[in-house]
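Read through the structure below, which is laid out as C-alpha coordinates, and then see the notes.
The values are calculated or read from the model by the stated rules, or taken from the named source; none is laboratory data. In this text the structure is predicted, and so the values were computed from the model without any measurement. Heads up, the Cβs are rebuilt from the backbone with ideal geometry, glycines too, and the neighbour counts pull from every protein chain shown. Protein only, heavy atoms only, side chains kept; ligands, DNA and RNA dropped before computing areas. Shrake-Rupley method; radii C 1.70, N 1.55, O 1.52, S 1.80 Å.
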Amino acid sequence: MEHTNKAGAAPAPKTRWDRQLYFWVLTAILIGVLLGWLAPTAGIAMEPIGTTFVNAMRMLIGPIVFLTIVGGIASVADLKKVGMTGLKALTYFQVGTICALVFGLVAINIFRLGEGVNATPSTIKTTDAAAKLIDAGAHQEWWQFLTNIIPTSIVQPFIAGDILQIIFIAVAFGIALNAMGKLGAPVLDGVQRLTGVMFKILGFIMKAAPLGAFGAMAFAVGKYGVSSLSSMGGLIALFYITSILFVVVVLGSVMAFLKLNIFNWASSPSCCLRPRVLPGSQAAASSLSLQRWPPSVPSRPPASCSSSASTSSCPNAAPS
(Lines give C-alpha, C1' and ligand atoms only; values in the text may rest on other atoms or scores of the structure.)
Protein backbone atom coordinates (compact mmCIF):
# COMPACT_ATOMS: atom_id res chain seq x y z
CA MET A 1 0.00 0.00 0.00
CA GLU A 2 1.36 3.44 -0.93
CA HIS A 3 1.97 5.93 1.81
CA THR A 4 -0.13 9.06 1.62
CA ASN A 5 0.20 12.47 3.20
CA LYS A 6 -2.34 14.14 5.45
CA ALA A 7 -4.35 15.35 2.46
CA GLY A 8 -4.70 11.74 1.28
CA ALA A 9 -2.69 12.22 -1.91
CA ALA A 10 0.24 10.03 -2.80
CA PRO A 11 3.62 11.80 -2.45
CA ALA A 12 5.21 12.94 -5.69
CA PRO A 13 8.05 10.71 -6.88
CA LYS A 14 11.50 12.12 -6.24
CA THR A 15 13.25 13.37 -9.37
CA ARG A 16 16.58 11.76 -10.16
CA TRP A 17 19.63 13.95 -9.60
CA ASP A 18 20.63 13.81 -13.26
CA ARG A 19 17.27 15.26 -14.24
CA GLN A 20 17.41 18.21 -11.88
CA LEU A 21 17.80 21.65 -13.42
CA TYR A 22 20.78 22.54 -11.24
CA PHE A 23 22.71 19.53 -12.55
CA TRP A 24 22.34 20.69 -16.14
CA VAL A 25 23.19 24.28 -15.19
CA LEU A 26 26.42 23.14 -13.55
CA THR A 27 27.21 20.90 -16.52
CA ALA A 28 26.60 23.80 -18.93
CA ILE A 29 28.85 26.05 -16.86
CA LEU A 30 31.65 23.48 -17.04
CA ILE A 31 31.26 23.10 -20.81
CA GLY A 32 31.23 26.88 -21.21
CA VAL A 33 34.44 27.21 -19.21
CA LEU A 34 36.15 24.58 -21.33
CA LEU A 35 35.01 26.23 -24.57
CA GLY A 36 36.15 29.67 -23.48
CA TRP A 37 39.49 28.30 -22.32
CA LEU A 38 40.29 26.07 -25.30
CA ALA A 39 38.68 28.23 -28.02
CA PRO A 40 38.44 31.85 -26.83
CA THR A 41 37.11 33.12 -30.16
CA ALA A 42 34.28 30.61 -30.15
CA GLY A 43 33.60 31.40 -26.48
CA ILE A 44 33.24 35.11 -27.18
CA ALA A 45 30.83 34.25 -30.00
CA MET A 46 28.51 32.64 -27.43
CA GLU A 47 27.68 36.02 -25.88
CA PRO A 48 24.27 36.32 -27.66
CA ILE A 49 23.09 33.10 -26.00
CA GLY A 50 23.59 34.43 -22.48
CA THR A 51 22.25 37.88 -23.40
CA THR A 52 19.12 36.39 -24.96
CA PHE A 53 18.36 34.36 -21.83
CA VAL A 54 18.76 37.44 -19.61
CA ASN A 55 16.50 39.46 -21.91
CA ALA A 56 13.87 36.71 -21.78
CA MET A 57 13.90 36.88 -17.98
CA ARG A 58 13.72 40.68 -17.96
CA MET A 59 10.77 40.53 -20.35
CA LEU A 60 8.56 39.03 -17.63
CA ILE A 61 9.55 41.25 -14.69
CA GLY A 62 7.18 44.11 -15.50
CA PRO A 63 4.05 42.01 -16.22
CA ILE A 64 4.62 39.77 -13.18
CA VAL A 65 5.11 42.75 -10.84
CA PHE A 66 2.03 44.50 -12.25
CA LEU A 67 -0.29 41.48 -12.14
CA THR A 68 0.84 40.38 -8.69
CA ILE A 69 0.26 43.79 -7.10
CA VAL A 70 -3.09 44.31 -8.84
CA GLY A 71 -4.31 40.87 -7.81
CA GLY A 72 -3.17 41.38 -4.23
CA ILE A 73 -4.77 44.80 -3.75
CA ALA A 74 -8.01 44.00 -5.59
CA SER A 75 -8.51 40.81 -3.54
CA VAL A 76 -8.40 42.58 -0.16
CA ALA A 77 -11.74 43.50 1.35
CA ASP A 78 -10.55 46.47 3.46
CA LEU A 79 -8.38 49.01 1.64
CA LYS A 80 -7.41 50.62 4.94
CA LYS A 81 -5.57 47.43 5.84
CA VAL A 82 -3.90 47.52 2.43
CA GLY A 83 -2.66 51.03 3.15
CA MET A 84 -1.16 50.09 6.49
CA THR A 85 0.30 46.89 5.05
CA GLY A 86 1.79 48.83 2.15
CA LEU A 87 3.32 51.43 4.48
CA LYS A 88 4.86 48.74 6.68
CA ALA A 89 6.10 46.82 3.64
CA LEU A 90 7.63 49.97 2.13
CA THR A 91 9.40 50.84 5.39
CA TYR A 92 10.61 47.26 5.79
CA PHE A 93 11.78 47.19 2.18
CA GLN A 94 13.70 50.48 2.41
CA VAL A 95 15.41 49.68 5.72
CA GLY A 96 16.22 46.14 4.59
CA THR A 97 17.58 47.39 1.27
CA ILE A 98 19.89 49.86 3.03
CA CYS A 99 21.16 47.07 5.29
CA ALA A 100 21.72 44.83 2.26
CA LEU A 101 23.70 47.58 0.52
CA VAL A 102 25.83 48.09 3.63
CA PHE A 103 26.56 44.36 3.88
CA GLY A 104 27.51 44.17 0.20
CA LEU A 105 29.70 47.28 0.20
CA VAL A 106 31.56 46.26 3.34
CA ALA A 107 32.17 42.73 2.02
CA ILE A 108 33.42 43.74 -1.43
CA ASN A 109 35.65 46.54 -0.07
CA ILE A 110 37.27 44.20 2.43
CA PHE A 111 37.99 41.31 0.06
CA ARG A 112 38.19 43.27 -3.25
CA LEU A 113 37.69 40.20 -5.43
CA GLY A 114 37.17 42.19 -8.62
CA GLU A 115 40.85 43.12 -8.74
CA GLY A 116 41.67 39.72 -10.25
CA VAL A 117 39.53 40.26 -13.35
CA ASN A 118 41.52 41.42 -16.36
CA ALA A 119 39.04 44.09 -17.45
CA THR A 120 39.38 47.84 -17.96
CA PRO A 121 36.21 49.67 -16.81
CA SER A 122 36.56 52.33 -19.51
CA THR A 123 36.43 49.68 -22.27
CA ILE A 124 33.40 47.81 -20.93
CA LYS A 125 30.33 48.39 -23.08
CA THR A 126 27.09 49.15 -21.28
CA THR A 127 23.58 48.74 -22.58
CA ASP A 128 21.42 51.76 -23.37
CA ALA A 129 19.33 51.17 -20.24
CA ALA A 130 22.42 51.01 -18.02
CA ALA A 131 23.88 54.13 -19.64
CA LYS A 132 20.66 56.04 -18.92
CA LEU A 133 20.75 54.96 -15.28
CA ILE A 134 24.39 56.02 -14.93
CA ASP A 135 23.65 59.42 -16.47
CA ALA A 136 20.55 59.90 -14.32
CA GLY A 137 22.47 59.05 -11.16
CA ALA A 138 25.12 61.63 -12.00
CA HIS A 139 22.83 64.53 -12.90
CA GLN A 140 19.40 63.83 -11.34
CA GLU A 141 18.15 65.85 -8.36
CA TRP A 142 16.68 64.04 -5.38
CA TRP A 143 13.17 65.41 -5.96
CA GLN A 144 13.18 64.17 -9.56
CA PHE A 145 13.26 60.63 -8.20
CA LEU A 146 9.82 61.24 -6.66
CA THR A 147 8.28 63.09 -9.62
CA ASN A 148 9.52 60.48 -12.11
CA ILE A 149 7.47 57.79 -10.36
CA ILE A 150 4.43 59.04 -12.30
CA PRO A 151 4.84 57.93 -15.95
CA THR A 152 3.90 59.96 -18.99
CA SER A 153 1.94 57.02 -20.41
CA ILE A 154 0.68 53.64 -19.26
CA VAL A 155 2.63 51.67 -21.85
CA GLN A 156 6.01 53.43 -21.55
CA PRO A 157 7.07 51.94 -18.15
CA PHE A 158 6.61 48.40 -19.49
CA ILE A 159 8.72 49.20 -22.55
CA ALA A 160 11.49 50.90 -20.55
CA GLY A 161 11.32 48.39 -17.68
CA ASP A 162 10.85 51.11 -15.03
CA ILE A 163 9.73 49.07 -12.01
CA LEU A 164 8.77 52.04 -9.80
CA GLN A 165 6.45 53.42 -12.47
CA ILE A 166 4.96 49.95 -13.01
CA ILE A 167 4.31 49.68 -9.28
CA PHE A 168 2.58 53.08 -9.30
CA ILE A 169 0.30 52.04 -12.16
CA ALA A 170 -0.41 48.68 -10.51
CA VAL A 171 -1.34 50.25 -7.16
CA ALA A 172 -3.68 52.75 -8.85
CA PHE A 173 -5.23 50.02 -11.01
CA GLY A 174 -5.65 47.66 -8.05
CA ILE A 175 -7.33 50.30 -5.87
CA ALA A 176 -9.70 51.25 -8.70
CA LEU A 177 -10.50 47.59 -9.37
CA ASN A 178 -11.17 47.02 -5.67
CA ALA A 179 -13.49 50.04 -5.55
CA MET A 180 -15.61 48.68 -8.41
CA GLY A 181 -16.75 45.75 -6.30
CA LYS A 182 -18.73 43.07 -8.13
CA LEU A 183 -18.37 44.86 -11.47
CA GLY A 184 -14.61 44.36 -11.28
CA ALA A 185 -14.82 40.65 -10.39
CA PRO A 186 -14.41 39.42 -14.00
CA VAL A 187 -11.37 41.65 -14.44
CA LEU A 188 -9.86 40.32 -11.20
CA ASP A 189 -10.51 36.79 -12.40
CA GLY A 190 -8.64 37.60 -15.61
CA VAL A 191 -5.76 39.16 -13.69
CA GLN A 192 -5.34 36.05 -11.56
CA ARG A 193 -5.41 33.80 -14.60
CA LEU A 194 -2.92 35.98 -16.46
CA THR A 195 -0.61 35.84 -13.43
CA GLY A 196 -0.67 32.07 -13.63
CA VAL A 197 0.11 32.24 -17.34
CA MET A 198 3.10 34.52 -16.70
CA PHE A 199 4.55 32.19 -14.11
CA LYS A 200 4.02 29.27 -16.49
CA ILE A 201 6.01 31.17 -19.16
CA LEU A 202 8.68 31.84 -16.54
CA GLY A 203 8.89 28.11 -15.92
CA PHE A 204 9.39 27.50 -19.62
CA ILE A 205 12.19 30.08 -19.77
CA MET A 206 13.91 28.61 -16.72
CA LYS A 207 14.27 25.34 -18.59
CA ALA A 208 16.67 27.22 -20.87
CA ALA A 209 18.83 28.28 -17.90
CA PRO A 210 21.61 25.80 -18.85
CA LEU A 211 21.94 27.49 -22.26
CA GLY A 212 22.12 30.92 -20.64
CA ALA A 213 24.76 29.76 -18.16
CA PHE A 214 26.75 28.14 -20.96
CA GLY A 215 26.76 31.29 -23.10
CA ALA A 216 27.63 33.59 -20.21
CA MET A 217 30.54 31.46 -18.95
CA ALA A 218 31.95 30.79 -22.41
CA PHE A 219 31.96 34.52 -23.16
CA ALA A 220 33.46 35.52 -19.80
CA VAL A 221 36.28 32.98 -19.93
CA GLY A 222 36.93 33.56 -23.64
CA LYS A 223 37.21 37.34 -23.23
CA TYR A 224 38.83 37.73 -19.81
CA GLY A 225 40.81 34.50 -19.58
CA VAL A 226 40.59 31.39 -17.44
CA SER A 227 42.38 33.20 -14.61
CA SER A 228 39.20 35.20 -14.05
CA LEU A 229 37.52 32.02 -12.77
CA SER A 230 39.22 32.32 -9.40
CA SER A 231 37.88 35.85 -8.97
CA MET A 232 34.41 34.88 -10.18
CA GLY A 233 34.38 31.80 -7.96
CA GLY A 234 35.46 33.90 -5.00
CA LEU A 235 32.79 36.46 -5.85
CA ILE A 236 30.11 33.77 -5.90
CA ALA A 237 31.32 32.36 -2.58
CA LEU A 238 31.41 35.85 -1.06
CA PHE A 239 27.90 36.51 -2.36
CA TYR A 240 26.49 33.41 -0.68
CA ILE A 241 28.34 34.00 2.58
CA THR A 242 27.21 37.63 2.70
CA SER A 243 23.64 36.62 1.85
CA ILE A 244 23.59 34.04 4.64
CA LEU A 245 24.92 36.61 7.12
CA PHE A 246 22.31 39.11 5.96
CA VAL A 247 19.49 36.60 6.38
CA VAL A 248 20.68 35.46 9.82
CA VAL A 249 21.52 38.91 11.20
CA VAL A 250 18.97 41.26 9.62
CA LEU A 251 16.01 38.99 8.89
CA GLY A 252 16.76 37.01 12.05
CA SER A 253 16.54 40.24 14.06
CA VAL A 254 13.21 41.10 12.46
CA MET A 255 11.83 37.67 13.28
CA ALA A 256 13.22 37.85 16.81
CA PHE A 257 11.36 41.16 17.24
CA LEU A 258 8.21 39.27 16.21
CA LYS A 259 9.13 36.54 18.74
CA LEU A 260 9.93 34.01 16.03
CA ASN A 261 13.00 31.85 15.56
CA ILE A 262 14.41 32.01 12.03
CA PHE A 263 16.12 28.62 12.35
CA ASN A 264 12.92 26.89 13.42
CA TRP A 265 11.04 28.65 10.62
CA ALA A 266 13.62 27.68 7.97
CA SER A 267 13.49 24.03 8.97
CA SER A 268 9.68 23.94 8.85
CA PRO A 269 8.18 22.23 5.78
CA SER A 270 5.57 25.01 5.50
CA CYS A 271 8.20 27.71 4.98
CA CYS A 272 8.22 27.10 1.22
CA LEU A 273 4.46 27.18 0.67
CA ARG A 274 4.18 30.95 0.34
CA PRO A 275 6.16 33.54 -1.62
CA ARG A 276 8.81 35.24 0.49
CA VAL A 277 9.61 38.95 0.54
CA LEU A 278 13.32 39.70 0.85
CA PRO A 279 14.58 43.27 1.10
CA GLY A 280 16.75 44.33 -1.78
CA SER A 281 14.90 42.20 -4.29
CA GLN A 282 12.01 42.84 -6.63
CA ALA A 283 10.05 40.11 -4.89
CA ALA A 284 8.72 42.86 -2.63
CA ALA A 285 6.12 43.43 -5.31
CA SER A 286 4.31 40.33 -4.03
CA SER A 287 4.11 41.61 -0.45
CA LEU A 288 0.38 42.23 -0.79
CA SER A 289 -0.35 38.81 -2.28
CA LEU A 290 -0.33 36.64 0.80
CA GLN A 291 -2.30 33.68 -0.47
CA ARG A 292 -0.76 30.38 -1.51
CA TRP A 293 0.29 30.40 -5.17
CA PRO A 294 -1.36 29.97 -7.60
CA PRO A 295 -4.33 31.92 -6.26
CA SER A 296 -7.57 30.08 -6.43
CA VAL A 297 -10.56 31.81 -7.95
CA PRO A 298 -13.37 31.79 -5.37
CA SER A 299 -16.41 29.98 -6.60
CA ARG A 300 -19.77 31.61 -6.09
CA PRO A 301 -22.72 29.74 -4.52
CA PRO A 302 -25.66 28.94 -6.83
CA ALA A 303 -28.52 31.40 -7.00
CA SER A 304 -30.77 28.95 -5.16
CA CYS A 305 -28.69 29.31 -2.03
CA SER A 306 -29.92 31.90 0.40
CA SER A 307 -28.78 33.11 3.78
CA SER A 308 -31.14 30.68 5.42
CA ALA A 309 -29.90 27.68 3.47
CA SER A 310 -27.86 25.08 5.25
CA THR A 311 -24.19 24.65 4.53
CA SER A 312 -24.77 21.04 3.56
CA SER A 313 -27.01 22.00 0.62
CA CYS A 314 -24.83 24.97 -0.33
CA PRO A 315 -21.19 23.81 -0.03
CA ASN A 316 -19.81 27.24 -0.90
CA ALA A 317 -21.87 29.07 1.67
CA ALA A 318 -20.07 30.36 4.74
CA PRO A 319 -21.00 28.56 7.98
CA SER A 320 -23.16 30.61 10.32
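Would you point out which residue out of Gly86, Gly137, Gly104, Gly114 is modelled with pLDDT of 80 or more, not in a loop (DSSP other than H, G, I, E, B) and not hydrophobic (A, V, I, L, M, F, W, C)? Sole residue among the options that is modelled with pLDDT of 80 or more, not in a loop (DSSP other than H, G, I, E, B) and not hydrophobic (A, V, I, L, M, F, W, C): Gly104. Which members of segment 158-178 meet the condition of being farther than 24 Å from Ser75 by Cα and either touching a strand residue (DSSP E or B) at 6+ places or on another chain (Cβ under 9 Å) or surrounded by 12 or more Cβ atoms within 10 Å (Cβ to Cβ) (or both)? Of everything in segment 158-178, those that are farther than 24 Å from Ser75 by Cα and either touching a strand residue (DSSP E or B) at 6+ places or on another chain (Cβ under 9 Å) or surrounded by 12 or more Cβ atoms within 10 Å (Cβ to Cβ) (or both) turn out to be Ala160, Gly161, Asp162. The residues of segment 60-83 that are among the aliphatic types (A, V, I, L, M) and either open to solvent by less than 60 Å² (accessible area, probe 1.4 Å) or in a helix (DSSP H, G or I) (or both), listed by number, are Leu60, Ile61, Ile64, Val65, Leu67, Ile69, Val70, Ile73, Ala74, Val76, Leu79, Val82. Evaluating Thr152 against the criteria (1) surrounded by fewer than 15 Cβ atoms within 10 Å (Cβ to Cβ); (2) in a helix (DSSP H, G or I) leaves one unmet condition, (2). Among the residues of segment 179-224, which ones are open to solvent by 30 Å² or more (accessible area, probe 1.4 Å) and among the hydroxyl-bearing types (Ser, Thr, Tyr)? Matches in segment 179-224: Tyr224 only.
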